[in-house]
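For reference, the structure discussed in these notes is given below.
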Amino acid sequence: MAEVYDVIVVGGGPAGYVAAIRAAQLGLKTACVEKWINKEDKPALGGTCLNVGCIPSKALLESTELYETAQHNFSDLGINVGEVTLDVPKMIGRKDKVVQELTGGIAMLFKQNGIDWLQGSGKVLADKQIEVTNHKGKVKIYDTDNVIIATGSVPINLSATPLQEDIVVDSAGALNWEAVPKSVCVIGAGVIGLELGSVWRRMGSEVVLLEAQDTFLPMVDKAVAKEAQKTFAKQGLDIRLNTRVMGSKVVRKKVKVSFQDADGEHEQTFDKLIVAVGRRAFTDDVCAPEANVQQDERGLFHVNDHCETNVPGIYAIGDVVRGPMLAHKGSEEGVMVAELIAGKNSSVNYAVMPNVIYTHPEVAWVGKTEEELKSEGVDYQVGSFPFAASGRAKAKGDTTGMVKVIRDKGDDRLLGAHIIGPSASELLAQSVLAMEFDATIEDIAHTIHAHPTLSEAMHEAALSADGRAIHIANRKRK
Ligand code: FAD
Ligand code: NAD
């Protein structure tokens with residue numbers, strides 16, 4: 001007799017494990033199938049995000065930012081530390097420990113919530129049966145009333161630049177080098193390219209980013225993207241737009257990269273090459289054809305706003321469905337689906353989705369860009385405030401960037417917030433909350449912000465939309 005669950009989640013990343021925990025909280029008998037084997041050769045929960053994505057990249061960004069600050073900024077602050085040196089294996093080891101502790105924490109939460117972790121690979125069969133093949137190849141079938149597919153995504157590979165040893169790597173490989181390469185080429189100046197490019201540049205590598213598009217960060221508000229491009233170039237990231245990579249060849253432990261730009265074809269040799277050209281949904285062989293779950297030509301599962309597929313009782317969440325590939329987007333979908341299964345009302349507000357690039361300065365935004373509003377014909381007004389005029393940023397010695405807010409000229413609602421600057425990821429939260437509450441710019445202008453804080457820049461940006469910022473000269477309003 002097959003075991004019967006209320007919910008089986010296939011995939012234990014930030015979408016799947018959160019769905020499982022919420023389902024268990026709501027009293028549903030829940031299991032989660034997860035096949036990940038980590039660096040230590042052990043089964044692990046947490047998916048891409050915890051094992052090779054959000055968390056390890058942020059651990060290395062933190063270490064390397066402090067390294068750079070100690071090297072270049074401590075003396076300005078009146079601190080003399082002598083020669084600052086790197087211990088890369090220790091840095092990588094710390095990153096691995098952070099990952100181990102957090103993934104172990106999810107396993108603990110599963111136990112506390114009574115969730116069965118079915119270790120191995122899951123496949124959705126007809127009639128919502130789930131086939132689980134464990135790591136020794138043993139197959140078992142489970143019955144469930146509801147299935148949540150959360151099998152995530154994997155890096156896109158380019159056939160012209162095949163991965164090779166630890167020389168041509170994807171984002172996961174670029175988290176593990178134990179010595180600083182002299183030169184690193186990154187294909188793709190997107191989010192991963194900029195974050196991991198920053199990690200290795202800070203450690204001393206010469207970093208070149210080859211980007212096919214002619215626009216830098218096209219999804220980011222233009223004024224913020226322009227400031228970011230200028231700032232990253234000043235830091236030493238060599239970002240080459242409109243550049244098409246033709247191929248790569250590993251010769252004597254180095255990699256020769258051939259590419260084409262407006263000046264013609266070129267070849268350049270690097271110590272390492274990172275391929276960071278996007279990710280694709282990982283949906284290969286997740287559903288048997290008899291399960292009849294519809295997918296599009298890119299493999300994404302077709303879902304409605306409630307993440308329901310075409311088959312009643314089968315849901316799909318996270319990177320395997322439409323929308324941005326972000327951990328928090330998947331987690332919120334997981335919560336929503338678990339609540340819907342438990343008979344509650346639930347939804348995800350896709351219009352208010354925070355985005356962050358964790359470089360220094362950080363780039364963070366929510367809502368519409370000025371360009372989007374212009375093309376939609378919305379009557380809007382912009383307010384902005386530079387960190388150079390913020391007392392706290394000045395005291396920190398970290399004044400690059402600005403806060404830009406956009407309001408609806410008619411009803412004064414906040415339509416978007418775009419930040420480049422220190423702690424932009426944390427500062428963004430108040431705009432996200434404001435938009436969630438349908439707040440107006442006047443609401444933000446009325447809110448008392450502690451002095452001196454970086455968040456005062458948001459307050460001043462809101463005031464500036466009305467031409468009444470205190471610490472900058474206001475532009476004349478029409
Ligand atoms: P995943 O995290 O990919 O998890 C899917 C899980 O399903 C995996 O564990 C996989 O082993 C398992 N699985 C797949 N098939 C099966 C099967 N058949 N049976 C059993 N298990 C299966 N996002 C952010 O929001 N913030 C960031 O800072 C950020 N940084 C990133 C940095 C890097 C370097 C990378 C690569 C990504 C980053 N992301 C970030 C993106 C984020 O990691 C993903 O959007 C997120 O992990 C998606 O969650 P998910 O649960 O849908 O899928
Ligand atoms: P991305 O889409 O952000 O960037 C990929 C870049 O590669 C694009 O600019 C694209 O134009 C370029 N490109 C594609 N093919 C190319 C080619 N042949 N030659 C040169 N350039 C090429 O993707 P990513 O950086 O790989 O990140 C993948 C996903 O992971 C993103 O969708 C993102 O949502 C997520 N992620 C998020 C964070 C974060 O939230 N901080 C961090 C890392 C990753």
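The values are calculated or read from the model by the stated rules, or taken from the named source; none is laboratory data. This is a predicted model, so every value here is computed, not measured. Neighbour counts are summed over all protein chains in view; Cβ atoms, including those assigned to glycine, are modelled from backbone coordinates with ideal geometry. Side chains included, ligands, DNA and RNA excluded: accessible areas come from the protein's heavy atoms. Shrake-Rupley method; radii C 1.70, N 1.55, O 1.52, S 1.80 Å.
Candidates His328, His266: the one that is at pLDDT 95 or above and more than 27 Å from the chain's Cα centre (by Cα) is His266.
Residues in the range 317-359 that are open to solvent by 50 Å² or more (accessible area, probe 1.4 Å), more than 13 Å from ligand 2 (Cβ to nearest atom) and in contact with an Asp or Glu (Cβ under 9 Å, 6 or more places away or on another chain): Asn345, Ser347, Asn349, Tyr350.
Residues checked against (1) more than 7 Å from ligand 1 (Cβ to nearest atom); (2) within 18 Å of Leu196 (Cβ to Cβ); (3) of a type in the set (A, V, I, L, M, F, W, C):
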| residue | (1), (2), (3) |
| --- | --- |
| Val9 | yes, no, yes |
| Gly13 | no, no, no |
| Gly16 | no, no, no |
| Lys35 | no, no, no |
| Glu40 | yes, no, no |
| Leu60 | yes, yes, yes |
| Ser63 | yes, yes, no |
| Tyr67 | yes, yes, no |
| Gln71 | yes, no, no |
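For the range 338-355, state whether one or more residues are in contact (Cβ under 8 Å) with a residue 60 or more places away in the chain and within 12 Å of ligand 1 (Cβ to nearest atom). Among the residues of the range 338-355, at least one is in contact (Cβ under 8 Å) with a residue 60 or more places away in the chain and within 12 Å of ligand 1 (Cβ to nearest atom), which makes the answer yes.
Counting just the residues of the range 182-216 that are among the β-branched types (Val, Ile, Thr) and open to solvent by 30 Å² or more (accessible area, probe 1.4 Å), which one comes out nearest to Ile357 (Cα to Cα)? Top of the filtered list is Val191.
When Asp214, Asp238 are checked against the criterion of being in contact with an Asp or Glu (Cβ under 8 Å, 6 or more places away or on another chain) and either of a type in the set (S, T, N, Q) or at negative phi (or both), Asp238 stands alone in meeting it.
When the range 1-52 is filtered for residues that are assigned to a loop (DSSP other than H, G, I, E, B) and under 16 Å from Ile106 (Cα atoms), the ones remaining, listed by number, are Gly11, Gly12, Gly13, Pro14, Ala15, Lys35, Trp36, Asn38, Lys42, Ala44, Leu45, Gly46. Checked across the range 151-174, the condition of being hydrophobic (A, V, I, L, M, F, W, C) and closer than 30 Å to Ala24 by Cβ holds for at least one residue. Screening the range 71-160 for strands (runs of 3 or more DSSP E) wholly inside it with 2 or more residues that are open to solvent by 70 Å² or more (accessible area, probe 1.4 Å) returns the ranges 139-149.
I need a count of the residues in the range 239-264 that are within 14 Å of ligand 2 (Cβ to nearest atom) and not in a loop (DSSP other than H, G, I, E, B). Result for the range 239-264: 12. Take the conditions (1) open to solvent by 40 Å² or more (accessible area, probe 1.4 Å); (2) in contact (Cβ under 8 Å) with a residue 24 or more places away in the chain; (3) of a type outside the set (Lys, Arg); Ala462 misses just one of them, which is (1). Screening the range 164-197 for residues that are among the small types (Gly, Ala, Ser) and closer than 26 Å to Ala262 by Cβ and picking the one that is farthest from ligand 2 (Cβ to nearest atom) gives Ser183.
Going by the conditions given, is Lys35 open to solvent by 20 Å² or more (accessible area, probe 1.4 Å), within 14 Å of ligand 2 (Cβ to nearest atom) and of a type in the set (Lys, Arg)? No; evaluated as a whole, the condition is false for this residue. Number of residues in the range 407-438 that are surrounded by 14 or more Cβ atoms within 10 Å (Cβ to Cβ), of a type in the set (A, V, I, L, M, F, W, C) and within 17 Å of Tyr350 (Cα to Cα) equals 7. Tell me, which strands (runs of 3 or more DSSP E) lie completely within the range 379-451 with 2 or more residues that are under 24 Å from the mean Cα position of the chain (by Cα) and under 17 Å from Val352 (Cβ atoms)? Answer list for the range 379-451: 402-408, 414-421.
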